[in-house]
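Since the structure comes first, as structure tokens, the remarks are kept for the end.
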Amino acid sequence: MLRIAIILGSTRPGRKGEPVARWVHDQARQRNDADYELVDIAEFDLPLLDEPMPPSQNKYSKDHTKRWAAKIASFDGFVFVTPEYNHGTSAALKNAIDYLYKEWNNKAAGFVSYGSAGGTRAVEHLRGIMAELQVADVRAHVALSLYTDFENFSAFKPQALHQKSLKAMLDQLLAWSGAMRTLRTPGETRGQASISAQENRSRTSLADQPA
Ligand SMILES: Cc1cc2nc3c(=O)[nH]c(=O)nc-3n(C[C@H](O)[C@H](O)[C@H](O)COP(=O)(O)O)c2cc1C
């Protein structure tokens, strides 16, 4: 069964992200088509990136990095639940993403965002980041409005139409998470291999090129 993380991307006391992520998790679990887990980045207590080596070197030295890496390595795909802060994603989520590299590679992602304009600018920000990490981001996206999906800008009451967009996003995410899994070696599926199947294939095809 595919394993999908619903990553709660805000850490602020009183964050709106928590009821949003819980709603996504509740809806997703009812599908019975994957193993969905809510992952709260606040629980990992990550300081601002403090690893001496770049994550792509795969030489993690801190316990908090190893714990975060083991968690992310265990998934095939991700739903990022993101607020919009100054037209981007949250610094906490960007920091948590930056900590790792291969644990994200060759997997798929979808987005649930919220903000005055549905958090759409945060998602565009995340899409560029996903490309650098070799994560395939699906088109369908749940964009929640602070005006119409939060009563008095406070209690989360999503409009019915969002169930449809959530379903579309999860359908695409599962399809792509399954497809991306075929690019990873069995060990790498859980984040252990050093050379990806994709790299192996491109080396073979380069060697096959006529001189
Ligand atoms: C630092 C900061 C910057 C913000 N910038 C934006 C913004 O650019 N666009 C927007 O729609 N909302 C913005 N907001 C409002 C947030 O969408 C709103 O506070 C939301 O509840 C934040 O998510 P959270 O409660 O999960 O932290 C900003 C809020 C904060 C705290």
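Readers should treat all values here as calculations from the given coordinates under stated rules, not as data from a laboratory. Computed from a predicted structure; not experimentally measured. Quick reminder, even Gly has a Cβ in these numbers, built from the backbone with ideal geometry, and neighbours come from all protein chains shown.
Determine the calculated [θ] at 222 nm for the chain from helices alone, applying -39500 (n - 2.57) to every DSSP H run no shorter than 4 residues and normalising by the residue count; nearest 500 deg cm²/dmol.
Working: 7 runs with 82 residues, N = 211.
Calculated from helices alone, the mean residue ellipticity at 222 nm is -12000 deg cm²/dmol.
Put +1 on the Cβ of each Lys and Arg and -1 on the Cβ of each Asp and Glu in the chain; which of SER154, VAL39, HIS25 then has its Cα farthest toward the positive end of the dipole?
HIS25
What does DSSP give for the chain in terms of the percent of beta bridges that are antiparallel, rounded to the nearest 5?
Working: 3 of 29 bridges.
Taking every DSSP beta bridge with both residues in the chain, the antiparallel ones total about 10 percent.
For helix 63-73, what angle does its Cα long axis make with the longest principal axis of the chain, in degrees from 0 to 90 and rounded to 10?
90 degrees
Where does each of 102-108, 35-41 land if you order them by average Cβ count within 10 Å, highest first? It would help to have the intermediate numbers written out before the result.
Numbers: 102-108: 22.4, 35-41: 19.0.
With the highest mean Cβ count within 10 Å placed first, the list reads 102-108, 35-41.
Please list the equivalent ellipsoid semi-axes of segment 3-208, computed as the square roots of five times the alpha-carbon gyration tensor eigenvalues, in descending order and whole angstrom.
Values: eigenvalues 171, 78, 43 Å².
Working from the Cα gyration tensor, I get semi-axes of 29, 20, 15 Å.
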